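One structure below.
The values are calculated or read from the model by the stated rules, or taken from the named source; none is laboratory data. Just so you know, these numbers come straight off a predicted model, no measurement behind them. Cβ placement follows ideal geometry from the backbone for every residue including glycine, while neighbour counts extend to all protein chains displayed. Remember, those area values only see protein heavy atoms, side chains included, never the ligands or the DNA or RNA. Shrake-Rupley method; radii C 1.70, N 1.55, O 1.52, S 1.80 Å.
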Amino acid sequence: MQFANPTTDLAFKKLFADPKHQDLLISFLNNMLEREGDKRIVKAIVSDPNNLPLVTGDRHSIVDVRCTDEHGRQYIVEVQVKDEEDFAQRCVYYSARALAAQLQEGQAFKDLLPVIFLGILNFDLFNNADHINHLLIMNSKTHEIGLTLFEWHFAELKKFTKGENEIKTDAERWLFLFNNAIKLDHIPAALKACKETTIALTVLDKHL
């Protein structure tokens, strides 16, 4: 077995942008976003990744994966290998574009639904030891989440250093897969413990 690098655009989209692999996308989102219980995503419909201009002269851009869940919440999933100076600003821009594009003429602002951004990074964005960071808009004193239309979540692969024998959760299985797929010549037992990571490596197998 020889596996493609899941951090490349082509392999990443093969895993998560193909409607045939909806279960992989759902598992990945639930684990990276730490969705549990009644907050778990049960459906993810992949949609057009293009950020089309909203007005004349507006900038056109393309995200890696865009989907909508059963409640109408939108998800933008980006894999980023190169450390670009303006990446954090680009994440906010993509989210704002997705929110603005929801309203058609005559619709009310109350009709807006949350936009959740998930970035898979092969570099360190934050100056801490956490390999997953969740950013929400909250009150600085009470930490109460006051504005719910935006969320930004980032998985920093270089901060995840666990070996195969140290893996305990499905989230860790996904991160291990991203860090080690191209080094593997078989599907490790630790990844076989999760149906979705097993399927993901099968999708990435260059010989299939």
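Here's the yes/no breakdown for (1) modelled with pLDDT under 95; (2) aromatic (Phe, Trp, Tyr); (3) more than 21 Å from ASP170 (Cα to Cα):
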{"residue": "THR7", "(1), (2), (3)": "no, no, no"}
{"residue": "LYS13", "(1), (2), (3)": "yes, no, no"}
{"residue": "LEU25", "(1), (2), (3)": "no, no, no"}
{"residue": "ASN31", "(1), (2), (3)": "no, no, no"}
{"residue": "GLY37", "(1), (2), (3)": "yes, no, no"}
{"residue": "ILE45", "(1), (2), (3)": "yes, no, yes"}
{"residue": "ASN50", "(1), (2), (3)": "yes, no, yes"}
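Yes or no: THR198 surrounded by fewer than 18 Cβ atoms within 10 Å (Cβ to Cβ), free of Cβ contacts under 8 Å to residues at least 24 places away in the same chain and part of a helix (DSSP H, G or I)? So THR198 passes the test. Among the residues of the stretch 101-133, which ones are within 20 Å of the chain's Cα centre (by Cα) and outside any loop (DSSP other than H, G, I, E, B)? VAL115, ILE116, PHE117, LEU118, GLY119, ILE120, LEU121, ILE132, ASN133, listed by residue number.
Residues in the stretch 3-46 that are among the basic types (Lys, Arg) and assigned to a helix (DSSP H, G or I) were compared, and the one that is most open to solvent (accessible area, probe 1.4 Å) is LYS20.
Please determine, by comparing only the residues of the stretch 176-194 that are free of Cβ contacts under 8 Å to residues at least 60 places away in the same chain and assigned to a helix (DSSP H, G or I), which one is least open to solvent (accessible area, probe 1.4 Å). Across the stretch 176-194, the extreme among qualifying residues is LEU191. Among the residues of the stretch 104-118, is there at least one that is in contact with a strand residue (DSSP E or B) (Cβ under 6 Å, 6 or more places away or on another chain) and of a type in the set (Phe, Trp, Tyr)? Yes: the stretch 104-118 contains one or more residues that are in contact with a strand residue (DSSP E or B) (Cβ under 6 Å, 6 or more places away or on another chain) and of a type in the set (Phe, Trp, Tyr). Answer with yes or no whether LEU136 is in contact (Cβ under 8 Å) with a residue 12 or more places away in the chain, at negative phi and in a loop (DSSP other than H, G, I, E, B). So LEU136 does not fit the description; no.
Every residue in the stretch 139-161 that is open to solvent by 70 Å² or more (accessible area, probe 1.4 Å) and in contact (Cβ under 8 Å) with a residue 12 or more places away in the chain, please. Within the stretch 139-161, THR148, LYS158 meet the criteria. All conditions in (1) at pLDDT 95 or above; (2) under 22 Å from ARG40 (Cα atoms) hold for LEU121, with the sole exception of (2). Picking from GLU70, GLU84, which residue would you name as being in contact (Cβ under 8 Å) with a residue 24 or more places away in the chain and not aliphatic (A, V, I, L, M)? Step by step, each of GLU70, GLU84 is checked, and only GLU70 is in contact (Cβ under 8 Å) with a residue 24 or more places away in the chain and not aliphatic (A, V, I, L, M).
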